[in-house]
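The values are calculated or read from the model by the stated rules, or taken from the named source; none is laboratory data. What you see is a predicted model; the values in this text were computed from it and never measured. All Cβ positions, glycine included, derive from the backbone under ideal geometry; neighbour counts span all protein chains shown. What goes into the accessible areas is simple: the full protein's heavy atoms, side chains included, and nothing from ligands, DNA or RNA. Shrake-Rupley method; radii C 1.70, N 1.55, O 1.52, S 1.80 Å.
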Amino acid sequence: MDGIYNSDPGFFEKLVMKLLLTMGYGWDNEKSAIHVGGPNDKGIDGVISQDQLGLEKVYIQAKRYAKDNKVTQSEIQKFIGA
């Protein structure tokens, strides 16, 4: 777990995308995901196409919190309202 916390933000963003692909998002594990984010990008970190034409997409914003920092209810509400 420490390796994830100590990795660079790009690694974490790609790890989240790989997890979502493994969970069944995307039409192909090798071709569906595009990493577009970077440190302090203030936008989306990745896009997963649900179909080959790219008509249905999942936009990803990965947030890595410190071990002792918990995700609050207000953070979840902000995310849902975005």
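Taken about its Cα centre, the chain carries a charge dipole of about 220 debye when Lys and Arg each add +1 at the Cβ and Asp and Glu each add -1 at the Cβ.
Above 21 angstrom, tally the Cα pairs of the chain and express them as a % of all pairs, no decimals. Mind dumping the intermediate values first?
Numbers: 1186 of 3321 pairs.
Everything past 21 Å amounts to 36 percent.
Entry comment: accessible area of the chain is 77 Å² per residue, from protein heavy atoms only and a probe of 1.4 Å.
Would you calculate, for the chain, the mean residue ellipticity at 222 nm contributed by helices, counting each DSSP H stretch of 4 or more residues as -39,500 (n - 2.57) and dividing by all residues, to the nearest 500?
Numbers: 3 runs with 28 residues, N = 82.
So the helix-based figure for the chain works out to -10000 deg cm²/dmol.
Stretching the chain fully between Met23 and Tyr65 yields a gain of 13.0 nm (0.36 nm per residue, less the alpha carbon separation).
With springs only between Cα atoms under 10 Å, which of Lys31, Lys14, Lys67 fluctuates most in a Gaussian network model of the chain? Maximum fluctuation in the GNM of the chain, among the listed residues, is at Lys67.
Keeping the other protein chains in place, figure out the carbon and sulfur percent of the accessible area of the chain, with a 1.4 Å probe. Present the calculation step by step, with values, prior to reporting the outcome.
Numbers: 3450 of 6280 Å².
Accessible surface attributable to carbon and sulfur in the chain totals 55 percent.
Modelled label positions at Asp2 and Gln50, each set 7 Å beyond Cα in the direction of Cβ, lie 4.1 nm from each other.
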